[in-house]
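Below: one structure, written as structure tokens.
Rule-based calculations on the coordinates, nothing more; no lab input. Everything quoted here is computed from the prediction, not taken from an experiment. Don't worry about glycine lacking a Cβ; one is built from the backbone with ideal geometry, like all the others, and counts go over all protein chains shown.
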Amino acid sequence: MAKFLIADDHPLYREALISALSPLFEKIDIVQADSLDSTLEALQHNTDFDLVLLDLNMPGCENFYGLLRVSQDFPKVPVVVVSASDSIEVISKVINLGAKGFIPKATTTQSIANALIQIMDGKSWLPEGVEICIEKDTPVLDVAKLVGELTPKQFQVLKLLQDGLLNKQIAYDLSITEATVKAHISAVFRKLNVNTRTQAVLLLKHLDVPD
């Protein structure tokens with residue numbers, strides 16, 4: 001029995017992937033998630049996933065935070081990134097940050113199945129024709145370690161700081177008080193070892209996902 005978690009915010013893509021993969025495995029159990037919160041919840045309630053297929057850009061996962069969170073909180077579960085953002089830079093960051101494979105969304109279903117089997121066998125997988133030298137990206141890894149210390153709520157606040165929102169706007173967007181926003185910002189500054197909003201935003205840019 002193969003048990004997968006498909007974490008993607010596009011229901012049509014999830015359904016297409018399930019329909020395509022189901023005939024390729026003799027026995028298969030697929031759980032779905034559409035945000036980082038639901039992904040973490042699924043992982044907390046299921047200890048027997050063979051792997052996670054994770055979209056880079058679903059809600060809560062921006063700037064590789066979803067990959068960081070899943071990899072750090074559930075290190076025994078292999079993570080495969082499935083994304084339309086398939087530049088060499090993105091693939092390199094994904095592998096540096098702990099993913100066992102990278103599957104472009106345009107990949108054929110048979111190739112996806114082959115990739116999953118290979119990864120479940122303990123190997124890694126990259127698209128055919130992608131010649132990439134995965135070197136240790138120290139600046140990215142250093143920033144990732146810091147950002148990985150943030151809670152999901154603190155990361156939400158940091159993203160809204162990146163968008164240029166004021167404290168009262170952040171409070172409104174997240175349905176929390178301004179005092180709580182200030183507490184989150186203080187925690188973000190402390191965990192990122194910065195003193196200003198500008199410094200925090202510049203640090204996060206190291207984890208931008210190129211278009």
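Considering only the other residues whose Cβ falls under 11 Å of the Cβ of Phe155, what net charge follows from Lys and Arg at +1 and Asp and Glu at -1?
Within the 11 Å Cβ shell, the charges total +2.
When Lys and Arg each count +1 and Asp and Glu each count -1, what net charge do the other residues less than 13 Å away from Ala106, Cβ to Cβ, add up to? Walk me through the intermediate numbers first.
Numbers: positive: Lys105; negative: Asp86, Glu128.
Summing Lys/Arg as +1 and Asp/Glu as -1 gives -1.
Which of these, Ala179, Ala20, Ala99, has the largest mean-square fluctuation under a Gaussian network model of the chain (Cα springs below 10 Å)?
Top of the fluctuation ranking is Ala179.
Would you list, by chain and number, the lysines whose Cα falls below 24 Å from the Cα of Lys105, excluding same-chain residues fewer than 8 positions away?
Those lysines meeting the cut-off are Lys3, Lys27, Lys93, Lys123.
Once you keep just the Cα pairs under 8 angstrom separated by 6 or more residues, what percentage relative contact order results for the chain? Mind dumping the intermediate values first?
Numbers: 293 pairs, mean separation 36.3, N = 211.
Over the chain, the number comes to 17 percent.
How much net charge surrounds Val82 when only other residues with a Cβ under 11 Å from its Cβ are counted (Lys, Arg +1; Asp, Glu -1)?
For residues surrounding Val82, the net value is -1.
What does the extension gain come out to for Lys105 and Arg197, with contour length at 0.36 nm per residue minus their alpha carbon separation?
29.6 nm
List the aspartates and glutamates whose Cα sits under 14 Å from the Cα of Lys191, skipping any in the same chain fewer than 8 residues away.
Asp142, Glu149
Taking the alpha-carbon distance from Lys145 and a cut-off under 19 Å, which aspartates and glutamates remain once sequence neighbours fewer than 8 residues away in the same chain are dropped?
Straight-distance partners of Lys145: Glu62, Asp73, Glu89, Glu135, Asp137, Asp208.
With the chain treated as a Gaussian network of Cα nodes joined by springs under 10 Å, which of Ser38, Ser175, Ser87 yields the largest mean-square fluctuation?
Ser175
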